[in-house]
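Shown next, in structure tokens, is the structure this report addresses.
The values are calculated or read from the model by the stated rules, or taken from the named source; none is laboratory data. The structure displayed is predicted, hence computed values, not measured ones. When we count neighbours, we look across all protein chains shown, and the Cβ atoms used for this are built from the backbone with ideal geometry, even at glycine. Accessible surface is based on the protein model in full, side chains and every heavy atom, while ligands, DNA and RNA are left aside. Shrake-Rupley method; radii C 1.70, N 1.55, O 1.52, S 1.80 Å.
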Amino acid sequence: MSALWVLVIHALWVMTPLAAVAQDRATLREVTVGVPKSFPPYYLLDEDGNPSGFAVDAMNAVAKRAGYKVTYRAKENWDEIFKAIRAEDIDIIPSLGVSGHRKQFVAFTEPVDTFRIVLFTRNDTQGITGIDDMAGRPVAAVIDNVGYRFFKKQRPDIPIEVFPTFTEALFALFSAKVDAFAYPEPVTWKLAREAGVADRLKVAAKPLLEIRRAMAVRKDDTELLASLDQAVRQGQGALREGLLRPGPNGKHD
């Protein structure tokens, strides 16, 4: 979990005006939020089947500050979420990697987090330190993930094996059907630790790219975008003010 996200969430909760807290929920605008069932630590379902995780905490904090009543809809995968927002079945995706492809159908708030897309290899693999070592060597990727589009557009010379799920792509790596797996670093480590296989993985030294994450809405919902963006910026402003405020000894904390 990003330390920056934790601080921004805290700022959003603490800085919420008391008037907004006391506002009658019947007067709030209702918004529907789409989340994948499993993309930890950003999204997961708790033991009761309710959406939870890093991005859900952030969404709740932003909604509280902006004055929205939230209903969550959990989807099986990102493809279902993208179809839902295009069909206007959902209004918001709380945390989504910013990319040119996605800007064709959603608009983004101010970015709130950054993570790396990296190449994972088997722990005993030698000679792979980055993308330039992958010529002629197959790489696994998950459909609709940024890693997949990176190879498709920027490195068509490298053979790519596309899988519908993270689990299938990881199994392909362990079974030596591919030599590397391109995926978001924090998500992979979280899932690998939960599956007890983290010790079988390592990361190539050079990341493929860094991805900013932000809240996403339909491109035509300019009112919702402006409201969410303002709440995110206010949380970041409160964070910066807190970090720069002199401490008791006159020095910056």
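Below is a table of values for the structure above.
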item: Search result, residues across the stretch 48-62 that are in contact with a helix residue (DSSP H, G or I) (Cβ under 8 Å, 6 or more places away or on another chain) and either buried (at least 22 other Cβ atoms within 10 Å of the Cβ) or β-branched (Val, Ile, Thr) (or both); result: Phe54, Ala58, Ala61, Val62
item: Single unsatisfied condition, Arg193 versus (1) out of contact with any Lys or Arg (no Cβ under 6 Å at 6 or more places or on another chain); (2) closer than 30 Å to Val31 by Cβ; result: (2)
item: Top-ranked residue in the stretch 219-253 [being at pLDDT 90 or above and surrounded by fewer than 19 Cβ atoms within 10 Å (Cβ to Cβ); ranked as nearest to Ile131 (Cα to Cα)]; result: Lys219
item: Residue within the stretch 160-171 that is in a strand (DSSP E or B) and either among the acidic types (Asp, Glu) or touching a Cys at 6+ places or on another chain (Cβ under 7 Å) (or both) present; result: yes
item: Selected residue (criterion: farthest from Asn145 (Cα to Cα)) from residues of the stretch 172-191 that are at pLDDT 95 or above and part of a helix (DSSP H, G or I); result: Phe174
item: In the stretch 159-180, residue farthest from Thr125 (Cα to Cα) [restricted to those that are β-branched (Val, Ile, Thr) and surrounded by fewer than 18 Cβ atoms within 10 Å (Cβ to Cβ)]; result: Thr165
item: Matching residues, the stretch 192-203, being open to solvent by 30 Å² or more (accessible area, probe 1.4 Å) and assigned to a helix (DSSP H, G or I); result: Arg193, Glu194, Ala195, Asp199, Arg200
item: Residue in the stretch 61-77 that is within 15 Å of the chain's Cα centre (by Cα) and hydroxyl-bearing (Ser, Thr, Tyr) present; result: no
item: Those strands (runs of 3 or more DSSP E) lying entirely in the stretch 64-141 with at least 3 residues open to solvent by 40 Å² or more (accessible area, probe 1.4 Å); result: 68-75, 113-122
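For every residue, the table says whether it meets (1) touching a helix residue (DSSP H, G or I) at 6+ places or on another chain (Cβ under 7 Å); (2) under 22 Å from Thr165 (Cβ atoms).
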position	(1), (2)
Gly67	yes, no
Ala74	no, yes
Asn77	no, yes
Ile85	no, yes
Ser95	yes, yes
Val98	no, no
Asp133	no, no
Ala141	yes, yes
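Here's the yes/no breakdown for (1) in contact with a Lys or Arg (Cβ under 8 Å, 6 or more places away or on another chain); (2) under 24 Å from Leu191 (Cβ atoms); (3) modelled with pLDDT under 90:
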residue	(1), (2), (3)
Gly49	no, yes, no
Phe54	no, yes, yes
Arg65	no, no, yes
Arg73	no, yes, no
